[in-house]
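Read the figures in this text as sums done on the coordinates, not as results from a lab. Please read all numbers here as calculations on a predicted model, not as lab measurements. Note that we place each Cβ from the backbone using ideal geometry, even for glycine, and neighbour counts take in every protein chain shown.
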Amino acid sequence: MQNIFSLKTICLLFVFVTTFSFAKETKAEAGENDIKTEIKEYIDHHLLDSYDFSLFSYTKDNGEHVYVGFPLPVILWDDGLKVFSSSKLKHGETVAEVGGNYYKSYHGKIYKTDAEGTITYDEAHHPTNVKPLDFSITKNVFTILIVGLLMFLMFGSMAKSYKNGALPKGMGRFLEPIVLYIRDDIAIPNIGKKHYKRYMSFLLTIFFFIWIVNLLGLTPLGVNVTNNIAVTLALALLTFLITNFTANKSYWGHIFWMPGVPKLMRIVLAPIELLGIFIKPFSLLIRLYANITAGHIVLMSIIGMMFIFKNWIGSSLSFGLAFALSLLELLVAALQAYIFTMLSALYFGQAVEEHDDH
């Protein structure tokens, strides 16, 4: 009961803080855009990565935007290394002068400009300014580093608790059932007892990483790591590389020259099987990206409906629906981690399976 209560409390806090931030920002833009446009712009802003870690923002009576959070380091390569704080960009409102060059943040990207911050466009209204090579520690990168450190501490503490045959303590008591489940119900059934140990470290890492960042995405921190297709691409690429670099001869034989199939059909099926090698990781990255992105868009849209109804009946219904959806997203966070881990284990099992061709 205490766990259920804590989950409800977290969801309620998420809806309240997000609504509070939403109200402040939409109020600041009142009179400039209609409410539906404001909601769309807020959702788009929520989904984007940023060069600072903002918790929420509000507008003073004099029209000044105040952002509560902390800046992150901006690292650029533009005729040499340029390192400065993202506070100089001030969320795209000012121009940062570094080493005689001027930079401006525009729609989540940094462009080289002049002292006035001029952005030029082409016929399709795309910026034509030079973009320096960007190695900045953005909000998503910062979150990935924090999650990596957290996982290192969690599993390090768990490993120490097993010394001298002792039972796990503290965090180990929570992690052990999950680790055993991944081993006994995901790795061994799909990979087999002979080879599963080779892949356990990756399966455990990928499951807990996706699960933790998905949970962080449901907090008022506004973190959307798996909502970034570059992140899901990197995760799927790891599965792709491990699958193909650890595959045995039988795996490749069944792709390019399938045993027991007429030779003419082998020629026809080989390109299809080869295409399947690339379709598998593509399905992994799209599934994770699309489900997490859709969840955030729907949740933020429902919260935005409170400002469209502008009455206690509609707002109450929207708030209740957003709260229920937040609880559902807790399940989705774990489910997506499970699906990614399960399919990765399945692909690994196919790569090391030993076929009896005769």
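For residue 68 and residue 124, a Förster radius of 45 Å and the Cβ-Cβ distance give a FRET efficiency of 0.80, rounded to the nearest 0.05.
Shown here are the Rg and Dmax of the Cα trace of the range 145-247, at 15.3, 44 Å. Taking amide H atoms as placed 1.01 Å from N in the peptide plane, the amide H of residue 113 lies under 5 Å from those of 102, 103, 104, each 5 or more residues away in sequence or on another chain.
Fewest first, what order do 252, 211 take by the number of other Cβ atoms within 10 Å?
Going from sparsest to densest Cβ surroundings: 252, 211.
Within the shell of other residues whose beta carbon sits under 15 angstrom from the beta carbon of residue 133, the net charge comes to +1, with Lys and Arg scored +1 and Asp and Glu -1. Taking packing as the residue-averaged number of other Cβ atoms within 10 angstrom, the listed peptides 177-183, 125-131 run from highest to lowest as 177-183, 125-131.
Across the range 274-306, the residues whose backbone nitrogen lies under 14 Å from the label position 7 Å along the beta-carbon direction of residue 238 are 285. Relative contact order, whole percent, for the range 229-305 stands at 45, derived from Cα pairs under 8 Å and 6 or more residues apart.
Distances between placed amide hydrogens fall under 5 Å for residue 85 paired with 74, all partners being 5 or more residues away or on another chain.
Each Lys or Arg adds one and each Asp or Glu subtracts one; over the other residues with Cβ under 14 Å from the Cβ of residue 246, this totals +2. With Rh defined as the Kirkwood radius, the inverse of the mean 1/r over Cα pairs, the Rg/Rh of the range 62-211 is 1.20. Among 333, 250, 203, which residue has its Cα furthest toward the positive end of the charge dipole of the range 141-352, with +1 on Lys/Arg Cβ and -1 on Asp/Glu Cβ? The residue sitting farthest along the positive end of the dipole is 250.
Each residue of the range 184-196 is assigned a 3J(HN,Hα), and the resulting list reads 7, 10, 10, 5, 5, x, 8, 9, x, 5, 6, 10, 4 Hz, derived from the Karplus form 6.51 cos²θ - 1.76 cosθ + 1.60 (θ = phi - 60°), x at Gly and Pro. Hydrodynamic radius of the range 141-352 by the Kirkwood approach over all distinct alpha-carbon pairs: 19.7 Å.
For residue 196, no residue 5 or more places off, or on another chain, has a built amide H under 5 Å of its own. Note that the range 115-127 has calculated 3J(HN,Hα) couplings of 5, 8, x, 6, 10, 9, 10, 8, 5, 8, 6, 9, x Hz, one per residue in order, obtained from phi through the Karplus relation 6.51 cos²θ - 1.76 cosθ + 1.60 (θ = phi - 60°); glycine and proline are x. Peptides 320-332, 149-161, 257-269 ranked from most to least packed give 320-332, 149-161, 257-269, packing being the mean of other C-beta atoms within 10 angstrom over each peptide's residues. Each label was represented as a point 7 Å from its Cα along the Cα-to-Cβ direction; for residue 145 and residue 91 these points are 2.3 nm apart.
If you model the range 73-136 as an ellipsoid using its alpha carbon gyration tensor, with each semi-axis the square root of five times an eigenvalue, the axes come out at 18, 13, 11 Å, biggest first.
Modelled label positions at residue 350 and residue 256, each set 7 Å beyond Cα in the direction of Cβ, lie 1.8 nm from each other.
Each label was represented as a point 7 Å from its Cα along the Cα-to-Cβ direction; for residue 245 and residue 106 these points are 4.0 nm apart.
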